[in-house]
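The values are calculated or read from the model by the stated rules, or taken from the named source; none is laboratory data. The model shown is predicted, which means the values in this text are computed figures rather than measured ones. We place every Cβ from the backbone using ideal geometry, glycine too, and count neighbours over all the protein chains shown. The area values use the complete protein model at the heavy-atom level, side chains included, leaving out ligands, DNA and RNA. Shrake-Rupley method; radii C 1.70, N 1.55, O 1.52, S 1.80 Å.
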Amino acid sequence: MGMSDLDLAAPSPWSGVRLARHVPIPMRDGTRLRADLYLPAEGAGPWPVVVEYLPYRKDDLTAPRWNVPIALAQHGIVGVRVDVRGTGSSGGITRDEYSEEELQDGEDVLAWLAAQPWCSGRVGLWGTSYGAFNALQIAMRRPPHLAAIVAHAGSDDRYATDVHYWGGCLQAMEFLSYPLWMVALNALPPDPEPDDAQWLETWRQRIEQVEPWLFLWLRHQRQDDYWLQNSLATDYKKIICPVFVVGAWHDGYTDAALRMLDRLSAPVRGLIGPWTHERPDASPVGPRIDFLSELLTWWRRWLLNQPDDTAPIRFYLQEAYRPQRYPSAIPGHWYAVERWPPPGVHMTSWFATTEGKLALSPASGDTWRTVANDVRVGLSGPSWCPTAPPDHLAADQRLDDLFAVTFDSDPLPEALTILGFPELCAVVTAEVPVAFLCVRLSHLWEDGQATLITRGVLNLTRRQGLQRVQPLRPGELARVRVPLKACCYRIPAGHRLRLALSGADFPTLWPAPYRQGPCVRAGGKALELRLPLLRDHGLLRSVTLPDPQPLPMTAVTWSSPPHFEHNFDPLGGRVGIRRSTEEVIRPIGRESLVTDLSTVELWADLDRPSRCQAHGQQVYRIEWPVGVAETRANVSMESTSQHFHLTVELVATWNGHPVAERRWAESIARDAL
């Protein structure tokens with residue numbers, strides 16, 4: 001698309017914006033990716049360009065996300081959305097998330113855009129979640145035309161901080177739900193084009209040549225080269241362009257955000273709020289902020305060389321709040337600092353006593369406490385990576401605490417502000433070869449309610465590192481360190497801390513295979529909770545962030561009330577959860593309608609936790625004037641003490657007639673999980 005082709009960009013439903021749809025971008029192997037270009041309505045440039053690069057379908061399913069590139073175009077920056085190879089309307093086949101082909105294609109996209117006469121040669125890359133992941137990984141390759149990136153809810157470590165594994169344990173809910181969506185999503189066809197006689201065959205080939213990603217993920221149960229090859233954590237110096245890191249205290253990727261702020265050597269900006277996995281102006285948990293203004297300020301600095309006096313790092317200090325699954329806002333204050341970690345944060349140790357207390361000084365005595373692998377623990381916990389309901393924050397922790405080992409502090413003589421990464425150092429032993437140590441830190445209110453502050457997990461067979469397995473041996477003592485998720489929380493004076501230990505955190509984690517959990521030593525310095533405490537708030541500068549401004553309306557959506565329930569089956573001796581959602585999306589300016597139906601359930605056996613079951617179904621239906629495409633994916637995963645048994649079934653139809661059917665089944669050995 002050269003300068004003379006700008007006339008082909010059509011007027012759009014949004015003022016000040018021209019839209020060029022399905023622009024073909026050639027890759028080095030001849031494959032063509034498809035892009036939508038949101039251009040300023042007047043002039044021929046040259047303009048800077050900002051790219052979002054996703055496998056989530058630019059044309060329909062992500063229509064609510066068109067608002068950012070449209071707003072960028074209204075402010076003189078070309079917004080570009082590109083479908084990843086083999087997804088949406090792009091050609092080729094997708095083999096895995098963040099594949100070498102995908103990242104290489106990303107470099108080709110940037111080079112092609114920078115060479116267009118309407119482009120100034122300054123190109124940025126940004127995204128939320130998946131788009132943040134591949135923005136970071138492409139930046140690691142140092143493409144010459146990449147001026148800066150924005151990584152919202154991304155990760156620097158694909159194994160340690162993502163939906164597959166956590167603390168060397170297999171995730172349960174996230175490992176089922178996300179790949180289930182992707183099986184059905186990757187099987188959807190390209191946007192129908194009237195002159196494409198090969199459209200149906202292209203769709204059929206897409207289905208027949210792609211294996212569901214989760215089989216590959218389950219074959220790599222350790223932090224091996226598969227996970228490390230594109231993880232920034234292996235070398236933060238690989239990125240040399242400026243990075244804007246946006247994170248949230250209730251997201252699954254908080255740890256990655258703070259690590260990048262601490263370890264990146266490139267110019268870096270940070271923004272950490274009280275949000276979920278949604279964007280800062282759309283999170284169901286507030287206060288929400290004007291995210292568009294944040295993006296514009298950043299892009300004007302690095303794409304247009306405009307001055308900018310924004311503080312390097314801003315974060316939201318959460319004040320105490322009552323436990324609630326769906327709070328609309330969390331009390332607190334915004335602060336600015338020059339670096340991370342902030343000045344004035346010091347590690348303080350608390351010690352577990354033989355009497356079940358948490359104390360600032362080690363107490364005499366020595367005892368062992370048995371930590372059971374009770375799968376009832378975790379049902380009051382939060383979603384690992386919550387977006388909107390039925391995803392949720394943690395409920396009152398007292399129910400989980402009934403089945404855990406707890407240690408409580410005395411009422412605090414003064415308020416405490418925890419800011420950073422807590423950790424637990426413990427001496428453990430176990431009579432079984434595989435056991436987990438799950439840790440929760442809660443704020444105990446004066447009336448007994450317990451608000452979860454943070455949590456962490458460790459598969460004790462990974463105590464020497466996530467890359468290796470060392471089974472537990474009866475009678476053998478091991479000193480372990482369990483990192484807890486980064487947090488920011490202020491506990492009032494007169495309230496108490498609670499440390500809770502368990503062998504399970506279901507449904508976040510797939511349970512360990514044995515009913516017995518580890519034994520933990522208490523007394524003296526054996527069980528030490530290390531807290532990063534902010535001692536001096538005077539070292540922080542208070543700032544104010546404005547409320548969100550209205551963004552262009554890009555889709556009309558309808559949602560049925562989400563369903564979420566916990567179940568206890570006393571006859572079957574098991575606990576479970578069920579959740580379901582239904583959403584309909586009508587993109588503005590398009591003749592299409594998308595229906596998204598999802599159901600998931602997980603069950604764990606109380607006496608035989610090796611027997612865990614997960615089932616899910618995902619349906620996508622897209623209605624166009626020329627016909628209706630539907631994909632229906634079913635995923636079933638069950639475990640024994642030795643294996644995971646995984647089955648995936650996929651059916652695709654066009655106007656109700658079969659296009660393709662696939663079935664995959666594999667039994668994969670448990671690698672000390």
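For the chain, the mean residue ellipticity at 222 nm estimated from helices alone is -4000 deg cm²/dmol, where every DSSP H run of n ≥ 4 contributes -39500 (n - 2.57) and the total is divided by all residues, rounded to the nearest 500. Of the listed residues Asp671, Asp83, the order by accessible area with a 1.4 Å probe, largest first, is Asp671, Asp83. Projecting the Cα atoms of Pro386, Pro658, Cys241 onto the charge dipole of the chain, computed from C-beta unit charges around the Cα centre, puts Cys241 farthest toward the positive end. Accessible surface of Met637, taken over heavy atoms with a 1.4 Å probe and every protein chain present, rounds to 10 Å². Region 632-673 and region 377-401 have Cα centres lying 27 Å from one another.
Residues in region 381-391 carry Karplus couplings, in order, of x, x, 5, 5, 9, x, 10, 10, x, x, 4 Hz; the curve used is 6.51 cos²θ - 1.76 cosθ + 1.60 with θ = phi - 60°, and Gly or Pro positions show x. Amide H contacts of Val17: Ser12, Ala41, each under 5 Å away and 5 or more positions distant or on a separate chain (H built 1.01 Å from N in the peptide plane; Pro and chain starts excluded).
Of interest is the spacing of the C-alpha centroids, which for region 498-546 and region 412-477 amounts to 6 Å. These residues, His333, His443, His643, go from largest to smallest accessible area, 1.4 Å probe, as His333, His643, His443. If I model a spin label at Glu208 and Glu591 as a point 7 Å from the Cα along the Cα→Cβ vector, what separation in nanometres do I get? Here the answer is 3.1 nm between the modelled labels. With R₀ fixed at 35 Å, the C-beta to C-beta distance from Ala363 to Glu338 puts the FRET efficiency at about 0.30.
Assuming R0 = 56 Å, what is the FRET efficiency of Glu414 and Trp664, from their Cβ-Cβ distance, to the nearest 0.05? The value I calculate is 0.45.
Simple spin-label estimate for Arg141 and Val626 gives 3.1 nm between the two label positions (7 Å along the Cα-to-Cβ direction from each Cα). Per-residue surface analysis assigns Arg541 an accessible area of about 120 Å², computed on protein heavy atoms at 1.4 Å probe radius.
A Förster distance of 35 Å, applied to the separation of the beta-carbon atoms of Asp671 and Met347, puts the FRET efficiency at 0.55.
The fraction of accessible area contributed by carbon and sulfur in region 281-417 is 51 percent, rounded to a whole number (1.4 Å probe; ligands and nucleic acids excluded). Loop-located GluC sites (Glu not before Pro) in region 30-138 (DSSP state not H, G, I, E or B) with no more than 14 neighbouring Cβ atoms inside 10 Å: Glu42.
Quick one: grab the alpha carbon gyration tensor of region 64-220, order the square roots of its eigenvalues as a ≥ b ≥ c, and give me rounded if a/c is under 1.5, else prolate or oblate depending on whether a/b is larger than b/c. Oblate.
Applying the Karplus relation 6.51 cos²θ - 1.76 cosθ + 1.60 with θ = phi - 60° to region 664-672 yields 3J(HN,Hα) values of 10, 8, 7, 9, 10, 5, 6, 9, 6 Hz, where x marks Gly and Pro.
Figure note: Val375, Val651 ranked by solvent-accessible area, largest first, 1.4 Å probe, ligands and nucleic acids not counted: Val651, Val375.
Judged by the gyration tensor of its Cα atoms, with axes a ≥ b ≥ c, region 384-437 is oblate; a/c meets the 1.5 cut and b/c is at least as large as a/b. A probe of 1.4 angstrom, applied to the heavy atoms of all protein chains, finds Cys119 with accessible area near 10 square angstrom. The portion of the accessible surface of region 505-660 made up by carbon and sulfur, rounded to a whole percent, is 49 (1.4 Å probe; DNA, RNA and ligands excluded).
Rolling a 1.4 Å probe over the heavy atoms of the protein chains gives the chain an accessible area of 36 Å² per residue. Note on Asp225 and Asp96: the model spin-label points, each 7 Å out from Cα along the C-beta direction, lie 1.1 nm apart.
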